Amino acid sequence: MELALSRSSWHLGSRFNTAIMVCLVGALSYAVSELGGALVLRPQMLSPLWPGCVLLVSVLLLVPRGRWPILIAVGIAAFIFYDLQHDVPIRAIGWLVLADVIEILTAALCLSYSFKGVPRLNSVKALARYSLFAVILAPAAGVLVGALATRGDYWTTWRTGFLSEALGFLTLMPAILGWAGKRPAEDQKGRANSFEAAALLAALTLFGFLTFVGFGKSSPPELLYSLLPFLLWAALRFGSTGVSTSMVVIALLSIWGVVHGRGPFTDQEPVDNVLSLQLFLLLATAPFMVLAVIVDERKRAEEELRESEAKFRSVFQDAGIGVAIVSPEGRFLAGNEAFSKFIGYTEEELTGRTVQSITHPEDWPMFSQRLNQALATGGSFQGVEERCLHKNGQVLCGECSASLIRDIHGKPQYFVAEVLDITARKRAEQTLRESEERFRLVANKAPVLIWMSGTDKLCTFFNQCWLDFTGRSMDQELRDGWAAGVHSDDLARCLGIYSSAFDARVDFEMEYRLRRFDGKYRWIVDYGVPRFESDGVFCGYIGSCVDITDRKLAAESLEELSGRLITAQDQERTRIARELHDDFSQRLALQGIGLAQLWKKMPESEVAERAKVQELLKGIQEISSDMHSLSHQLHSSKLEHVGLAPALMGLCEELSSRFKIEIAFTDHAISQRIPKDVGLCLFRIAQEALGNVVKHSGAKQAQAELCGTRNEIRLRIVDAGFGFDPEFQNENAGLGLISMRERLRLIGGRLSVQSAPMRGTEILAEVPLAVSADEPRVKLITAGGIKS
């Protein structure tokens, strides 16, 4: 609500100000029309000066353009009202209104766009631009139409009207704009200027009255020269505003004299008198306006020079680096606070001392040569490092730059020298050099291959161990030369890993083959880390390499041995299972048959003996059953004769029956025959995984899923039991997961384990295989049987 009230108040204030301005412009327009009418020679109706359009254009330039239409309408209406009062014909009023509109719009628009606002006659260019648009173009355009308002000689009327309007724009408008743009004087100097201006106008009015009115028709022309000192006074002291104001006073007095038949411009015909008067006023105003503008430019240049000198002194004293003024002979003329602080001498102590006295004796010959060279060639020098002597005798390091300043005749005046304190930087550089030397010493003695690179990814350093390993020189290895020793099959991968890590500013580790000095390729592992300055600026990478060929050969041998052991284990399990099934089972069966026959032949009276034989027969049957189960665990005959899916289903049924756990088995029938080694691998993984579920998970339910796609076969075992942390290394844990991974590695498969404490476990085995899958069938195997 307050915002609405404030906006309403603003609109009311704006409308009130506009109304006041409209009334004021209307009244002034009518008043200047009356003034212009008073300056008309009658009955010839010749006007030496018409101020109406000049006033209206001045007002337009001082207000926003949005108010121009209403102010132009009010001003033109005041002109029309004045003409109607003085019985000017309607036809003439029409032509005059059109001429005034053309002149006002031409002057206002041209001046507004040319000066980007209110014209300021503060330079010769500005005066020329103003004269082109306001004094020549606008009056000429307006009078071309206004001359049609009279029935006399057109060109005579045009000439008189043009000079009348041009005189107004050259004298009256600069005075209006100049006084409107001045601020009220507030200090003693401003009041003194006001008194001086009042005295000037009073004296000018007195002598102007004597020249143009006081002596009647007998006024001697020589009196015109009495006005020159006052015009010079106005031009030199008050600029273009003072000249234009003075010429307005002279114009009013001279026109008044002509209208009443007085002054030096009354000896000819009225038309000639008006022409002479107008030419006099124009030719008197123009040179003094130019003089005033030139004086303003000179004053402004002097003021800018004083400001520049003040800024130079301020910059000289407040500069963050040391600045000194030195004579061509090498003596200090001045020094700022920073230089005094650097060298230890105050400005008074420094003045008169020589540059040699503060320069280290060993550096003076070099620095003296640079000064003499600059003095001879008139040039300058930049970034010359020298050692300087502090007042207390301390040796400092400075970076000096100097420029020779000459006068307008080319004579050397002084040197302006800048001295930057680089003592801390030089010490840091020395410390850095010592640190780099220590690093190179340690790096060259280290038993690993070390390299460094810059921010452009190109290598800048290799230690001696690297060079000894490759048998190449430092120049051959620098930049990207090291890549020539990388095996062609590893180079693209190696560069890709390096470039990606470099762009991300992260550590990397990679293995590749590098040619040794004897031409053999050796496997190395390369560890790279980014390097940063103390302020966090990235400066490249550093890396270390270790020859792992022997380790890889050992690992390959171990993997091969592991594979052989697993194969041997499976073969041995198969052999033992067959022995148990084909030999021991048959022998136990024969023993059972023998005991059964013995039991039948024994008399029924031997009850105890018959019971003992029956007990032995039962024990043999249990041993046979356990041996059959053990044989099945060692080698599944179902897997060999009916395939993987039925074997897994039988395994799930057997575990469910023995350990009272529900296992949901799902298989997607695979039409393509599964290789024997793949089937055996997945069956062993299922045995191990489901055995772990039974032994460790505590779950009452589990899921086993076998499915295949065009490219692979997958076995998935899931339970909702206790779970475990796959990352935790338990010394008492078995080899189950290791065995699974090793089996899958031998056939090119992969194993993933997802588990967490109290969140169950998921084991997924994936083996590449081109198979096709049919619709799944699901069976729930429980302790009581199989449910579809």
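The values are calculated or read from the model by the stated rules, or taken from the named source; none is laboratory data. Here the structure is a predicted model, which is why all the values come from computation and not from measurement. Because the Cβ atoms are built from the backbone with ideal geometry, glycine has one as well, and the counts that use them run over all protein chains shown. Areas reflect the complete protein model, heavy atoms only, side chains present, ligands, DNA and RNA absent. Shrake-Rupley method; radii C 1.70, N 1.55, O 1.52, S 1.80 Å.
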Just for the stretch 53-67: of the residues that are under 43 Å from the mean Cα position of the chain (by Cα) and under 10 Å from residue 108 (Cβ atoms), which one is least open to solvent (accessible area, probe 1.4 Å)?
61
Residues located in the stretch 622-666, provided they are open to solvent by 60 Å² or more (accessible area, probe 1.4 Å), modelled with pLDDT under 75 and among the hydrophobic types (A, V, I, L, M, F, W, C)
630, 642
Close pairs (6 angstrom Cβ cut-off, 6 or more residues apart or separate chains): closer than 27 Å to residue 124 by Cα in the stretch 295-320, modelled with pLDDT of 80 or more anywhere:
295/236; 296/122; 296/239; 297/123
From the list 270, 287, exactly one residue is farther than 22 Å from residue 215 by Cα and open to solvent by 30 Å² or more (accessible area, probe 1.4 Å). Which is it?
287
Among the residues of the stretch 751-788, which ones are within 28 Å of residue 698 (Cβ to Cβ), touching a helix residue (DSSP H, G or I) at 6+ places or on another chain (Cβ under 7 Å) and either open to solvent by less than 80 Å² (accessible area, probe 1.4 Å) or at pLDDT 75 or above (or both)?
751, 753, 761, 763, 765, 779, 781, 782, 783
State yes or no: is residue 407 closer than 18 Å to residue 325 by Cα, acidic (Asp, Glu) and open to solvent by 60 Å² or more (accessible area, probe 1.4 Å)?
no
Pick out the one residue from 73, 27, 38 that is exposed (fewer than 15 other Cβ atoms within 10 Å of the Cβ) and at pLDDT below 85.
38
Restricting the first residue to the stretch 384-404 and requiring it to be without any contact (Cβ under 8 Å) to a residue 60 or more places away in the chain, which pairs with a second residue that is crowded, with 19+ Cβ neighbours inside 10 Å and assigned to a loop (DSSP other than H, G, I, E, B) meet a Cβ separation below 8 Å and a spacing of at least six or different chains?
391/345
Kindly establish whether residue 382 is farther than 30 Å from residue 531 by Cα, part of a strand (DSSP E or B) and open to solvent by 40 Å² or more (accessible area, probe 1.4 Å).
yes
So which of 248, 243, 213 is at pLDDT below 80, within 30 Å of residue 267 (Cβ to Cβ), of a type outside the set (Asp, Glu) and part of a helix (DSSP H, G or I)?
213
If we scan the stretch 119-135, do we find a residue that is out of contact with any Leu (no Cβ under 9 Å at 6 or more places or on another chain), open to solvent by 30 Å² or more (accessible area, probe 1.4 Å) and at pLDDT below 85?
yes
Please indicate, with yes or no, whether at least one residue in the stretch 434-444 is modelled with pLDDT of 85 or more and surrounded by fewer than 15 Cβ atoms within 10 Å (Cβ to Cβ).
no
Hits in the stretch 140-172 - residues which are in contact (Cβ under 8 Å) with a residue 40 or more places away in the chain and within 58 Å of the chain's Cα centre (by Cα):
142, 165, 166, 167, 168, 169, 170, 171, 172
Scan the stretch 410-425 and give yes if some residue there is within 30 Å of residue 463 (Cβ to Cβ) and open to solvent by 50 Å² or more (accessible area, probe 1.4 Å), otherwise no.
yes
Taking the stretch 447-470 and the residues there that are without any contact (Cβ under 8 Å) to a residue 60 or more places away in the chain and open to solvent by less than 60 Å² (accessible area, probe 1.4 Å), the one that is nearest to the chain's Cα centre (by Cα) would be 458
Qualifying positions in the stretch 81-118 - open to solvent by 50 Å² or more (accessible area, probe 1.4 Å), free of Cβ contacts under 8 Å to residues at least 24 places away in the same chain and over 21 Å from residue 174 (Cβ atoms):
84, 85, 87, 89, 90
State which residue is modelled with the lowest pLDDT when the search covers only the stretch 721-742 and only residues that are touching a strand residue (DSSP E or B) at 6+ places or on another chain (Cβ under 9 Å) and open to solvent by 80 Å² or more (accessible area, probe 1.4 Å).
741
Of all residues in the stretch 675-706 being open to solvent by 40 Å² or more (accessible area, probe 1.4 Å) and touching a Gly at 6+ places or on another chain (Cβ under 7 Å), the one that is farthest from residue 746 (Cα to Cα)
698
Among what's in the stretch 471-494 and is over 15 Å from residue 523 (Cα atoms) and outside any helix (DSSP H, G or I), pick the residue that is most open to solvent (accessible area, probe 1.4 Å).
479
Name the pairs whose Cβ atoms lie under 8 Å apart, with the first residue in the stretch 696-710 and more than 17 Å from residue 667 (Cα to Cα), the second in a strand (DSSP E or B) and open to solvent by 50 Å² or more (accessible area, probe 1.4 Å), and 6 or more positions between them or separate chains?
700/662; 701/662
